[in-house]
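Note sheet for the following structure.
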Amino acid sequence: MLQKEKIEAIQNFQDKKEVVAFVGDGINDVTALAQADVGISTGTGTDCALEASDITFISDDLRLIGSALNISQIIKQIARQNTMFTFVYHLIAIPIAAGVSYLATEFILHPAMAPLLTGLSFFILTKSTLRLKKLV
């Protein structure tokens, strides 16, 4: 396809609210890589194609595209889980730290516990994020 035809094809899909991924490795692919929602190039491509792409594969094995899509879905899932955990954790921890629990149970959190609980939150999030290492 000519460069103009590539852009038109991508725009046709985008007009239909489709998410477009484009794979290219040459100078004539640069505008299409930039126009696509996700531009993918191979490490053997030209410098300008590498610069215009969102994802660059070290090898030129296009079978890796499926793996990249699966990994991105898992990353998005873990990010959502971490966000939800943080929201719920702080929804519970902030009122306790503010002393709201004293009204019902006469329990007051010692001020020295606040940094420990914050550290626990970061530790849990870090361990959760490290699950991504298993993907590599």
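The values are calculated or read from the model by the stated rules, or taken from the named source; none is laboratory data. Quick caveat: nothing in here was measured; it's all calculated off a predicted structure. Glycine gets a Cβ as well: all are built from the backbone with ideal geometry, and neighbour counts include every protein chain shown.
Given the criteria under 19 Å from the mean Cα position of the chain (by Cα) and free of Cβ contacts under 8 Å to residues at least 60 places away in the same chain, does D54 qualify? Judged against the criteria, D54 is a match. Applying the criterion of at least 1 residues that are touching a helix residue (DSSP H, G or I) at 6+ places or on another chain (Cβ under 6 Å) to the helices (runs of 4 or more DSSP H) found wholly in segment 49-136 leaves 64-98, 113-129.
Among the residues of segment 1-17, those that are assigned to a loop (DSSP other than H, G, I, E, B) and at pLDDT 95 or above comprise K16, K17. Just one of the listed residues (I78, I71) is outside the structural domain of V20 (by TED's automatic domain parsing), in contact (Cβ under 8 Å) with a residue 24 or more places away in the chain, surrounded by 14 or more Cβ atoms within 10 Å (Cβ to Cβ) and farther than 19 Å from A21 by Cβ, namely I78. Scanning segment 4-61 for residues that are surrounded by fewer than 21 Cβ atoms within 10 Å (Cβ to Cβ), small (G, A, S) and in contact with a Phe, Trp or Tyr (Cβ under 7 Å, 6 or more places away or on another chain) yields a count of 1.
The number of residues in segment 101-136 being surrounded by 10 or more Cβ atoms within 10 Å (Cβ to Cβ) and either in contact (Cβ under 8 Å) with a residue 24 or more places away in the chain or of a type in the set (D, E, K, R) (or both) comes to 9.
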